[in-house]
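> The structure that follows is given in the form of structure tokens.
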Amino acid sequence: MEGALAELLARTAGPGEIVWIGLRPGRRAPIEVVETAEVTEAGLAGDHRARPGRRAVSLIQAEHLPVIAALAHRPGADLADLRRNIAVAGLNLLALRDRVLSLGTARLRITGPCHPCSRMEEALGPGGYSAMRGHGGMVAEVLQPGRIARGDGVAVSEV
């Protein structure tokens with residue numbers, strides 16, 4: 001059974017796509033939505049939280065935005081409100097923990113969950129923090145710097 005379960009866990013339905021890229025130029029500064037970004041060893045160039053390590057880049061599934069908006073009772077919620085670096089569509093990020101993703105010419109290893117912070121109460125209103133629990137996305141370390149762009153494919157790659 002272990003072999004069969006491991007095989008199921010290793011499978012994805014297909015590639016995903018980068019649908020949004022955001023940079024946080026400074027603490028509490030508005031998100032800058034960009035079409036392309038350079039991924040350095042420390043994270044996205046121009047992001048004030050860029051630091052080498054297991055939390056260099058934050059990713060979220062675009063499919064989670066409507067769920068978060070509904071739970072926060074905020075139908076106008078935007079990806080920028082969530083303060084993540086990259087939104088992808090078509091892949092279950094939680095299922096990819098410890099896996100390597102190819103995005104544009106960069107490669108990232110998904111290392112763990114990106115838990116919400118208290119800023120979600122400001123961004124989404126009362127209950128915003130709780131609305132994001134379980135939907136905050138994942139963080140990743142940079143294995144190979146490169147360039148990413150909105151519309152680039154996202155694929156699970158071998159180590």
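The values are calculated or read from the model by the stated rules, or taken from the named source; none is laboratory data. Everything quoted here is computed from the prediction, not taken from an experiment. Positions of Cβ are backbone-derived with ideal geometry, glycine not excepted, and every protein chain shown enters the neighbour counts. Side chains included, ligands, DNA and RNA excluded: accessible areas come from the protein's heavy atoms. Shrake-Rupley method; radii C 1.70, N 1.55, O 1.52, S 1.80 Å.
> Name the pairs whose Cβ atoms lie under 6 Å apart, with the first residue in the range 86-111 and under 14 Å from GLU141 (Cβ atoms) and part of a loop (DSSP other than H, G, I, E, B), the second among the hydrophobic types (A, V, I, L, M, F, W, C) and open to solvent by 10 Å² or more (accessible area, probe 1.4 Å), and 6 or more positions between them or separate chains?
ARG99/VAL156
> Are there any pairs, at least 6 apart or on different chains, whose C-beta atoms fall under 8 Å, with the first in the range 42-53 and under 12 Å from ARG27 (Cα atoms) and the second open to solvent by less than 50 Å² (accessible area, probe 1.4 Å) and modelled with pLDDT under 95, and if so, which?
ASP47/ARG24; HIS48/ARG24; HIS48/GLY26; HIS48/ALA29; ARG49/ARG24
> Same structure again: Which of the residues that make up the range 44-81 are within 22 Å of VAL100 (Cβ to Cβ) and open to solvent by 60 Å² or more (accessible area, probe 1.4 Å)?
ARG49, ARG51, PRO52, ARG54, ARG55, GLU63
> Sticking with this one: Could you go through the range 114-125 and let me know if any residue there is surrounded by 16 or more Cβ atoms within 10 Å (Cβ to Cβ), modelled with pLDDT of 95 or more and touching a strand residue (DSSP E or B) at 6+ places or on another chain (Cβ under 7 Å).
Yes, the range 114-125 has at least one match.
> Against the definition (in contact with a strand residue (DSSP E or B) (Cβ under 7 Å, 6 or more places away or on another chain) and open to solvent by 10 Å² or more (accessible area, probe 1.4 Å)), how does GLY90 come out, yes or no? Lay out the reasoning, then the answer.
Details: in contact with a strand residue (DSSP E or B) (Cβ under 7 Å, 6 or more places away or on another chain): yes; open to solvent by 10 Å² or more (accessible area, probe 1.4 Å): yes.
So GLY90 fits the description; yes.
> Follow-up. Quickly run through the range 7-38 and pick out the residues that are modelled with pLDDT under 90 and either of a type in the set (Phe, Trp, Tyr) or within 25 Å of ARG119 (Cβ to Cβ) (or both).
So the first thing to find is which residues in the range 7-38 are modelled with pLDDT under 90, and the list is 7-15, 27-28.
Listed by number, the residues that qualify are ARG27, ARG28.
> Still on this structure, I have one more. Looking at GLY137, GLY128, which one is touching a helix residue (DSSP H, G or I) at 6+ places or on another chain (Cβ under 7 Å), buried (at least 17 other Cβ atoms within 10 Å of the Cβ) and closer than 19 Å to VAL39 by Cα?
Numbers: GLY128 fails: closer than 19 Å to VAL39 by Cα.
The unique qualifying residue is GLY137.
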